[in-house]
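This is the structure I want to talk about, given as structure tokens.
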Amino acid sequence: MKEKLNILFVTPESVPFAKTGGLADVAGALPKTLAQNGHNVTVVMPYYASIPAELIKSEEPPFSMNVWMGNQEEWCLVHPKKIRKNLTYYFIDFQKYFFREGLYHNAAMQDYLDNPKRFAFLSQAAMYLCKTKQLKMDIVHAHDWQTSPALAYLKTHHWNCPYLGSAAGVLTIHNIGYQGKYPHESYDYLGFREIDFNEHVFEDFGGINLLKGGIHFADLVNTVSPSYANETLTSTYSHGLDHVLQKKEDQYIGILNGVDYTEWDPENDKLIPQKYTVKNKSGKKTCKRTLQKRFDLYEEGNMPIIGIISRMAEQKGLYLLADTIEAIVKNMRVQFAILGSGDKNLENYFGSLPKKYSGLIGSHIGYNNKLAHGIEAGADFFLMPSLYEPCGLNQIYSLRYGTLPIVRATGGLDDTVQQYDEANGEGTGFKYYDATPRAIYDTIGWAVSTYYDRPEHYQKMQTSAMKKSFSWDESAAKYEQAYQRAREIKAKHDKQ
Ligand code: ADP
Ligand code: GLC
């Protein structure tokens, strides 16, 4: 029998409580699956102002806890909530840091200047929770720059607690484009050791780099797809950290995310107008009609819709799309349904298109989960023109909804979408390589012509796509192996 582990999961976001992107999906689903597998999982995350009080209500009363940040003692409240057998969340209630309008930035998209303090505090609070409650941990699992500090605290502080000291540290990099780089001025408050402010650990061009420090202290580092793991070992994709990752050698691996099919499956999706299955896809037609109505598109059953759901960020390739989308709707019989928010220039541009191309381009600027489900179900294609994509979840959801992905062959997009073969109709989507407007234009042209001219291929691909499964069971099993590896690495290291 597999050994049951005690796992501390420290995360800045998790569904259903707070979400800005895919990290929240992962932090919601992975702990759940691990708990189902019999591990004992403790999740620590902030109690943000945006989390409705009733969501965290529980029978267990909140308690207060002190947390030392450098030489400063802070007091916070902690709300425990048992979610299911083997899975308890602890919400860190510290209004000074977490009762704000956004998770990381204000409404004008300006990052909070004290972000390093806020998330180092969260990380340290997770450590103090174990100490205060005498929780035994075998694994501390941190995510991205936000909770990287947890691994530094784990490894360098003397935990007057019989258990925490023996835990191995695992870091998951969901996106290396965000490293938590800040001026040196908050270093004392963060409470890292003086000697760790050097080029191998936290120091980066004179400032602090939280992710870099996390990589250093982790026993095992992973990112969220095998291809992205390879890409980030090169300077083109590493945002400056390729040498740091290369040093980890076989302590750096890729594990593909799973998806939560209880949330994302047209067979049981309560948020779509009509359910459908791979055997009976007729409900998808209703979903398409509803989507056309919702986005003021011409209600033509035989005109393909390309869906987009995205953070509007440079990473997602939307500037390249902006250079070619108008030519696409002028030259091809195709419609767009676009949902996203973020970068103000992109919001303004995509928000202005429906007026200019009414009936052909619909857009909704904002964050809307129900609409996201409606697009997955109602569209015929799903576009992700990312410059880089660590894993990407929407293309995987799209497969299950029979909404064929059109993607740039990078990172997790390349790992999850199988290229269309015109000779026999095999494959699950359309991939291109060059990050250029031309490549987007041509690949959309290829997809649209397949829809019109080779409908039997389109349908065959739809069926293949809907049958693919990227469940968390498989991914969680890989994390279980990774946890064991991390423990072995730590044990070996401790002996030296
Ligand atoms: P990333 O984490 O880089 O944003 P992913 O593809 O991993 O990319 O995950 C994005 C997640 O956020 C998906 O679950 C997607 O449906 C959701 N999402 C992104 N933008 C929006 C939006 N405007 N409205 C609703 N959901 C969104
Ligand atoms: C990041 C990445 C995305 C990935 C998600 C969850 O936000 O940009 O590709 O799917 O994390 O791991």
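The values are calculated or read from the model by the stated rules, or taken from the named source; none is laboratory data. None of the values given here were measured: they were computed from a predicted structure. No Cβ is skipped: glycine too gets one built from the backbone with ideal geometry, and neighbour counts run over all protein chains shown. Surface areas here come from the heavy atoms of the whole protein model, side chains and all, with no ligands, DNA or RNA. Shrake-Rupley method; radii C 1.70, N 1.55, O 1.52, S 1.80 Å.
Name the residue that is nearest to ligand 1 (Cβ to nearest atom), counting only residues in region 17-39 that are over 11 Å from the mean Cα position of the chain (by Cα) and of a type in the set (S, T, N, Q).
Checked region 17-39; the qualifying residue nearest to ligand 1 (Cβ to nearest atom) is Thr33.
Related question: Which residue pairs have Cβ atoms closer than 8 Å, lie 6 or more positions apart in sequence or on different chains, and pair a first residue in region 16-29 that is free of Cβ contacts under 8 Å to residues at least 40 places away in the same chain with a second residue that is part of a strand (DSSP E or B) and more than 8 Å from ligand 1 (Cβ to nearest atom)?
Ala24/Ser14; Ala24/Ala18
Answer with yes or no whether Ile308 is β-branched (Val, Ile, Thr), under 22 Å from Thr436 (Cβ atoms) and in a strand (DSSP E or B).
yes
Kindly evaluate Leu122 against the criterion of being out of contact with any Pro (no Cβ under 8 Å at 6 or more places or on another chain) and within 26 Å of Tyr90 (Cβ to Cβ).
no
Quick check on my filter: what residues within region 220-237 are away from ligand 2 (no atom under 16 Å from the Cβ) and touching a residue at least 40 places away in the same chain (Cβ under 8 Å)?
Residue satisfying the conditions is Leu220 alone.
Can you tell me which residues in region 386-424 are more than 13 Å from ligand 2 (Cβ to nearest atom), of a type in the set (A, V, I, L, M, F, W, C) and either surrounded by fewer than 24 Cβ atoms within 10 Å (Cβ to Cβ) or more than 19 Å from Ser464 (Cα to Cα) (or both)?
Ala409, Ala423 - these are the residues of region 386-424 that are more than 13 Å from ligand 2 (Cβ to nearest atom), of a type in the set (A, V, I, L, M, F, W, C) and either surrounded by fewer than 24 Cβ atoms within 10 Å (Cβ to Cβ) or more than 19 Å from Ser464 (Cα to Cα) (or both).
Can you tell me how many residues in region 438-475 are among the basic types (Lys, Arg), more than 28 Å from Tyr261 (Cβ to Cβ) and loosely packed, with under 15 Cβ neighbours inside 10 Å?
Count: 1.
Turning to a different aspect of this structure: Kindly indicate whether any position in region 102-109 is polar (S, T, N, Q) and at pLDDT 95 or above.
No, region 102-109 contains no residue that is polar (S, T, N, Q) and at pLDDT 95 or above.
Enumerate the pairs (first residue in region 51-68 and over 25 Å from Lys19 (Cα atoms); second residue anywhere and open to solvent by less than 40 Å² (accessible area, probe 1.4 Å) and in a loop (DSSP other than H, G, I, E, B)) with beta-carbon separation below 8 Å, excluding pairs fewer than 6 apart on the same chain, so at least 6 apart or on different chains.
Hits for this filter: Trp68/Gly191.
Filtering region 319-352 down to residues that are within 15 Å of ligand 1 (Cβ to nearest atom) and part of a strand (DSSP E or B), which residue is most open to solvent (accessible area, probe 1.4 Å)?
By that ranking, first place goes to Ser341.
Test of understanding: among Thr443, Thr436, Thr403, Thr463, which residue is within 16 Å of ligand 1 (Cβ to nearest atom), assigned by TED's automatic domain parsing to the domain that holds Lys288, among the β-branched types (Val, Ile, Thr) and modelled with pLDDT of 95 or more?
Thr403
Which condition breaks for Glu73 when tested against (1) assigned to a strand (DSSP E or B); (2) surrounded by fewer than 21 Cβ atoms within 10 Å (Cβ to Cβ); (3) within 16 Å of ligand 2 (Cβ to nearest atom)?
(3)
Follow-up. Suppose the filter is within 15 Å of Arg84 (Cβ to Cβ), assigned by TED's automatic domain parsing to the domain that holds Gln124, open to solvent by 30 Å² or more (accessible area, probe 1.4 Å) and over 17 Å from the mean Cα position of the chain (by Cα); does Asn66 pass it?
For Asn66, the condition - within 15 Å of Arg84 (Cβ to Cβ), assigned by TED's automatic domain parsing to the domain that holds Gln124, open to solvent by 30 Å² or more (accessible area, probe 1.4 Å) and over 17 Å from the mean Cα position of the chain (by Cα) - is not met.
Does Tyr367 qualify as being farther than 25 Å from Lys281 by Cβ and either outside the structural domain of Ala108 (by TED's automatic domain parsing) or assigned to a loop (DSSP other than H, G, I, E, B) (or both)?
For Tyr367, the condition - farther than 25 Å from Lys281 by Cβ and either outside the structural domain of Ala108 (by TED's automatic domain parsing) or assigned to a loop (DSSP other than H, G, I, E, B) (or both) - is met.
Filter region 14-56 for residues that are within 15 Å of ligand 2 (Cβ to nearest atom) and among the hydrophobic types (A, V, I, L, M, F, W, C); which is most open to solvent (accessible area, probe 1.4 Å)?
Here the answer is Val15.
Is it the case, given these coordinates, that Pro273 is within 22 Å of Ile361 (Cβ to Cβ) and either assigned by TED's automatic domain parsing to the domain that holds Leu371 or among the basic types (Lys, Arg) (or both)?
Here the answer is no, as Pro273 does not meet what is asked.
Each row is one residue, and each column tells you yes or no for (1) within 16 Å of ligand 2 (Cβ to nearest atom); (2) closer than 22 Å to Phe94 by Cβ.
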{"residue": "Cys130", "(1), (2)": "no, yes"}
{"residue": "Lys133", "(1), (2)": "no, yes"}
{"residue": "His141", "(1), (2)": "yes, yes"}
{"residue": "Trp145", "(1), (2)": "yes, yes"}
{"residue": "Pro149", "(1), (2)": "no, yes"}
{"residue": "Leu154", "(1), (2)": "no, yes"}
{"residue": "Ile173", "(1), (2)": "yes, no"}
{"residue": "Gly177", "(1), (2)": "yes, no"}
{"residue": "Tyr187", "(1), (2)": "no, yes"}
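Would you mind finding the one in Ile92, Ile51 that is in a strand (DSSP E or B) and within 23 Å of the chain's Cα centre (by Cα)?
From the options Ile92, Ile51, the qualifying one is Ile92.
Something else now. List the number of the failed condition for Tyr47; all other conditions in (1) modelled with pLDDT of 95 or more; (2) under 30 Å from Glu474 (Cα atoms) hold.
Unmet condition: (2).
Table: residues versus (1) farther than 22 Å from Asn115 by Cβ; (2) in contact (Cβ under 8 Å) with a residue 12 or more places away in the chain; (3) within 16 Å of ligand 1 (Cβ to nearest atom); (4) not polar (S, T, N, Q).
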| position | (1), (2), (3), (4) |
| --- | --- |
| Ile173 | no, yes, yes, yes |
| Leu211 | no, yes, yes, yes |
| Ala218 | no, yes, no, yes |
| His239 | no, yes, yes, yes |
| Val259 | yes, yes, yes, yes |
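Ok, one more. For residues in region 299-315 being of a type in the set (A, V, I, L, M, F, W, C) and either within 16 Å of ligand 1 (Cβ to nearest atom) or in contact (Cβ under 8 Å) with a residue 40 or more places away in the chain (or both), which is farthest from Leu23 (Cα to Cα)?
Top of the filtered list is Ile305.
Suppose we filter region 371-387 for residues that are more than 10 Å from ligand 1 (Cβ to nearest atom) and either of a type in the set (D, E, K, R) or not in a helix (DSSP H, G or I) (or both); how many remain?
7
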